[in-house]
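Q: Below are the structure tokens for one structure; questions will follow.
The values are calculated or read from the model by the stated rules, or taken from the named source; none is laboratory data. Only a predicted model underlies this, so the values are computations on that prediction, with no experimental measurement involved. Methodologically, a virtual Cβ is constructed for each residue, glycine included, from the backbone with ideal geometry; neighbour enumeration extends over all protein chains shown. Surface accessibility is based on the protein's heavy atoms, side chains included, excluding ligands, DNA and RNA. Shrake-Rupley method; radii C 1.70, N 1.55, O 1.52, S 1.80 Å.
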Amino acid sequence: MEPDDPPERVAVRLPRLGRRLAVIAAGLVVVGGAVVVLRAPPEPGGAAPKPLPAPQTVVKEFAGEGVVVPAVGVRPAAPADVAVSADAGRVALRWAPVAGAAGYDVRWGQGGGGTVDSSALIAQPAVQLNALTDDTPYDVQIRSVDSHGQRSEPKALVVRSEKPVAEPDWSYVDGFDSRVVPDPVGWRLSSTTDCGRATRGEGTDGRRLVVSAQCGTEPLALRAKAPFRLREGAEPGRFVVDTDQPGQDGELLIDLVPGPADLVDGSPNGTPPPAEPGRAQDDGSLPPGTVRVRVVGKPTGGSVQVLVAPGTPRTGVVVPTSPLGTPEIGLTSRWEVVFGADAVRVLRDGVVVGGGDVVPAWREATALLGFVGGGNGLHAGVDLVGFVGAPTGPPVLVVPPVVDGGRVVVAPETAATTTNTGKPVKGNRGGQIRLTLVPQDSGADVYQVEVAGQRYPARPAVDGQPQARGVRYPIVADVPPEALTVDSSGRLSVRAVGPVRRGVAATRVISAGVDLIAEPGAVSPAAGSGTDAPLPRTRPALPRATTRFLDSAGNPLAEGAGLPRGRLVLEIGTDGQASQRAGGRLAGVAGVEVRLDGERIAAIPTVVDGPGAGGTWRLALPTSGLATGKHTVEVKVVGVSADAAFAVTYAPFELAA
């Protein structure tokens, strides 16, 4: 149901409570397209309420008096000229859109003997097969699907995934093929709340890192513990990531920060909109010296920005760029941030799609890989992250405890709330407490970090970063080993100490962690069990219907104008790609039902050869018998699975006298 759809109301009688009888009106609640009726519990000893009917999964053809529904036509053509791109563990397939196709049925299987045991129903003419065994043949069959569920003859081919023959001269690289993903030696995930995870994927994502979340517009940041270091020469450095983000929606952020920060950004004013291509833009929320690449995925087309802190010197070089276009759903791209002698260039699959007229003054930075989800959450696959530049590597890992950083900064006169009576953290020579604050006032405040009952001076993670209201402000404090004690639950308690002003909300603490310094000669321990799993994906969605009215000749009628009497044509269409962005795949369509003023007038099944993928249908409706005035057409898309809640669209119109 659309947000402005007219709600229906029903009366629900409650049981007797003592001597009172209450009657309330309870709305029909739409959850993901499913209607749930609010019911009261039965009276003790009374009859159990009748179970709700099973969700509709079948549509039988029907046409009311005078209504003409479209007939099944010829089968669509099969996809042709399929382009194959192979990489380690995955194969991408792309083809030209097929005329009359609402979607595509893709099936595949291992062995090269014609067996296909995996399938996907998609709307875009492109798909990526993941978790493949390299140098092993896979049979693939691709069929076009029309508006009635008819399949074309299959386009059959055999594909193989394979490791690239040539790769850059990495100074650091992680293909996320270790026993535990991500390896804690090399990575730390930071977020403002416990709303996301970074784990090994499952099923077809089983050979990659998956970042999953339900965080709204809040980003998750994956910090590389190996510093990103520049070298001498015409190309001092290159940051590389292979990921399918932001193919479904959301943003991909690549931050190179000259300091030990876990989270940056967070301006209440938001990110500046894209401006002149090939030039860097100022973003007042970024710490000095930071270079951010922001990739935004939208159905109408994506955008790439290079953002820097105000005052960053410009070289005057405008980088020629190609348009990004609409990101593909579920397909991995290689994104490269190339630091040159005169500018920063952003490449997608070898094509320059963004740039900025800046050259960093630093030689070493913290690399943060940020993910922002769309309206249906976040499920991003990452296949590789690599650096090209001066030699680097992560420090020896001393497994850190979970840090309780409190919620707000406490005033200096506040009595110490941490104690040194806990159990010492062994195997370290001290550590660095890392906190991310969000000041509620601008200024030049000085902070301390309290741990084990003692207070230690803190400093900005990035020298020279000003404090601004609502902008993330990372601080760090170096503490000795005797300050590192944990409570009975294994948590290290720390508190940020700083100014608290009357009438001003306290500065918030949104993330806390500690990096421990290993003792001489220590080696990183083996990773843990790796039992964490990604958050559940949004289930496949049915395509949402759109409608428009045409005259008997097929010409669109003006919206809002009174429609003429006689024969009216209702065109129903679906946006399959928008629905595929929600869950990565489409839910199969059983058919479409149409009601006029609540009375069923048409039903079109879409399962001739299997579940449909949506499409376009035109119905001829007689209007001579309708009263003058307002009427409403209701279009319901029904899925073949009970798990796929139906999608309803309303189309009001007014009939002229």
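Q: Among ALA468, VAL403, THR421, whose Cα sits farthest toward the positive end of the charge dipole of segment 361-475 (+1 at Cβ of Lys/Arg, -1 at Cβ of Asp/Glu, about the Cα centre)?
A: THR421
Q: For segment 192-233 and segment 599-657, compute the distance between their C-alpha centroids and round to whole Å.
A: Distance between centres, Cα-based: 43 Å.
Q: If you stretched the chain out fully between THR193 and GLU61, how much longer would it get, using 0.36 nm times the residue separation minus the C-alpha to C-alpha distance?
A: So the chain would gain 42.5 nm between THR193 and GLU61.
Q: Whole-Hz Karplus ³J(HN,Hα) for segment 446-452, in order, using 6.51 cos²θ - 1.76 cosθ + 1.60 and θ = phi - 60°, x for Gly and Pro?
A: Karplus values, whole Hz, x for Gly and Pro: 10, 10, 10, 10, 9, 8, 6.
Q: Would you be so kind as to identify which of PRO273, VAL211, LEU307 lies farthest towards the positive end of the dipole of segment 211-344, taking Lys and Arg as +1 and Asp and Glu as -1 on Cβ and the Cα centre as origin?
A: Of the candidates, LEU307 comes out farthest on the positive side.
Q: Under Stokes-Einstein, with the Kirkwood radius over Cα pairs standing in for Rh, what whole-number D in µm²/s applies to segment 136-251 at 25 °C and 0.890 mPa s?
A: 135 µm²/s
Q: So what is the relative contact order for the chain, in percent, with contacts set as C-alpha pairs under 8 Å and at least six apart?
A: 16 percent
Q: Return a whole-number percent for the relative contact order of segment 453-492, with Cα pairs under 8 Å and 6 or more residues apart as the contact set.
A: Worked out over segment 453-492, it gives 39 percent.
Q: To continue, here is another question. For the pair ALA526 and ALA83, what calculated FRET efficiency results from E = 1/(1 + (r/R0)^6), where r is the Cβ-Cβ distance and R0 = 41 Å, to the nearest 0.05?
A: Rounded to the nearest 0.05, the efficiency is 0.45.
Q: Once the convex hull of the C-alpha atoms of segment 294-380 is built, how many Å³ does it hold per residue, rounded to a whole number?
A: About 126 Å³ per residue, rounded to a whole number.
Q: Using a 1.4 Å probe on the protein heavy atoms, what percent of the accessible area of segment 483-543 belongs to carbon and sulfur?
A: On segment 483-543, the fraction of accessible area on carbon and sulfur atoms equals 52 percent.
Q: Modelling each spin label as a point 7 Å along the Cα-to-Cβ direction, I'd like the SER267/ASP463 distance in nm, to one decimal.
A: 2.4 nm
Q: When the Karplus curve 6.51 cos²θ - 1.76 cosθ + 1.60 is applied with θ = phi - 60°, which whole-Hz ³J(HN,Hα) does each residue of segment 231-238 get, with x for Gly and Pro?
A: These are the phi-based 3J(HN,Hα) values: 10, 7, x, 5, 10, x, x, 8 Hz.
Q: Apply the Debye scattering formula to segment 566-638, with a single equal point scatterer on each alpha-carbon and no solvent, then give log10 I(q)/I(0) at q = 0.17, 0.24 Å⁻¹.
A: Each listed q corresponds, in turn, to -0.71, -1.13.
Q: Given H placed 1.01 Å from N in the peptide plane, which residues other than close sequence neighbours of ALA541 have an amide H under 5 Å from its amide H?
A: Amide H neighbours of ALA541: GLY583, ARG585, ALA587.
Q: Which value in deg cm²/dmol, rounded to the nearest 500, describes the helix-derived mean residue ellipticity at 222 nm for the chain, given -39,500 (n - 2.57) per DSSP H run of n ≥ 4 and division by the residue count?
A: -500 deg cm²/dmol
Q: How many Lys pairs in the chain lie less than 27 angstrom apart by Cα atoms, where the lysines are 8 or more positions apart or on different chains?
A: 8
Q: Averaged per residue, what accessible area in Å² does segment 40-132 show with a 1.4 Å probe, protein chains only?
A: With the other protein chains kept in place, segment 40-132 gives 55 Å² per residue.
Q: Tabulate in residue order the Karplus-calculated ³J(HN,Hα) for segment 141-149, using 6.51 cos²θ - 1.76 cosθ + 1.60 with θ = phi - 60°, rounded to whole Hz; enter x for Gly and Pro.
A: Calculated HN-Hα couplings, in order: 10, 10, 10, 7, 10, 9, 5, 10, x Hz.
Q: Classify segment 179-318: rounded, prolate or oblate, from the alpha-carbon gyration tensor (a ≥ b ≥ c, eigenvalue square roots; a/c under 1.5 rounded; otherwise prolate if a/b is larger than b/c)?
A: prolate
Q: Can I ask one more? Can you report the principal axis dimensions of the chain using only the alpha carbons, biggest first, rounded to whole angstrom?
A: Cα spread of the chain along its principal axes, largest to smallest: 85, 76, 50 Å.
Q: Restricted to Cα positions, what overall size does segment 207-250 have along the principal axes? Three whole-Å values, descending.
A: Rounded to whole Å, the extents work out to 42, 25, 21 Å.
Q: Shifting gears a bit: Would you please give the residues with an amide H less than 5 Å from that of ALA131, counting only those at least 5 places away or on a separate chain, with H modeled from the backbone geometry?
A: Residues meeting the criterion, in which the H sits 1.01 Å from N, are ARG207.
Q: Rounded to the nearest 0.05, what FRET efficiency do GLU235 and ASP609 have when you use their Cβ-Cβ distance and R0 = 45 Å?
A: That gives a FRET efficiency of 0.25.
Q: Rounded to the nearest 0.05, what FRET efficiency is calculated for ALA642 and ASP282 with R0 set to 56 Å and r the Cβ-Cβ distance?
A: Rounded to the nearest 0.05, the efficiency is 0.60.
Q: Now a separate question. Tell me the Kirkwood hydrodynamic radius of segment 417-509 in angstroms, computed as one over the mean inverse distance between distinct C-alpha pairs.
A: Result for segment 417-509 stands at 14.0 Å.
Q: How long is the gain from VAL504 to GLU482 if the chain were fully straight, where each residue apart is worth 0.36 nm and the alpha carbon distance is subtracted?
A: 4.4 nm
Q: Rounded to a whole number of µm²/s, how large is the Stokes-Einstein D of segment 341-426 at 20 °C and 1.002 mPa s, given Rh as the Kirkwood radius over C-alpha pairs?
A: So the translational diffusion coefficient is about 111 µm²/s.
Q: How big is the charge dipole of segment 94-250 about its Cα centre, in debye rounded to the nearest 20, if each Lys and Arg gets +1 on its Cβ and each Asp and Glu gets -1 on its Cβ?
A: About 180 debye.
Q: Counting Lys and Arg as +1 and Asp and Glu as -1, each charge on the Cβ, what is the dipole of the chain about the Cα centre in debye, to the nearest 20?
A: 1560 debye
Q: To continue, here is another question. What dipole magnitude, in Debye to the nearest 20, does segment 515-603 give about its Cα centre under +1 on Lys/Arg Cβ and -1 on Asp/Glu Cβ?
A: It comes to approximately 460 debye.
Q: Another question about this same structure. Roughly what percent of Cα-Cα pairs across segment 38-166 reach past 25 Å?
A: Value for segment 38-166: 48 percent of Cα pairs lie more than 25 Å apart.
Q: Moving to a separate point now. I'd like the distance separating the alpha-carbon centroids of segment 501-547 and segment 398-412, in whole Å.
A: Here the answer is 15 Å between Cα centres.
Q: Using Cα centres only, tell me the gap between segment 279-316 and segment 72-90 in whole Å.
A: Segment 279-316 and segment 72-90 have Cα centres separated by 37 Å.
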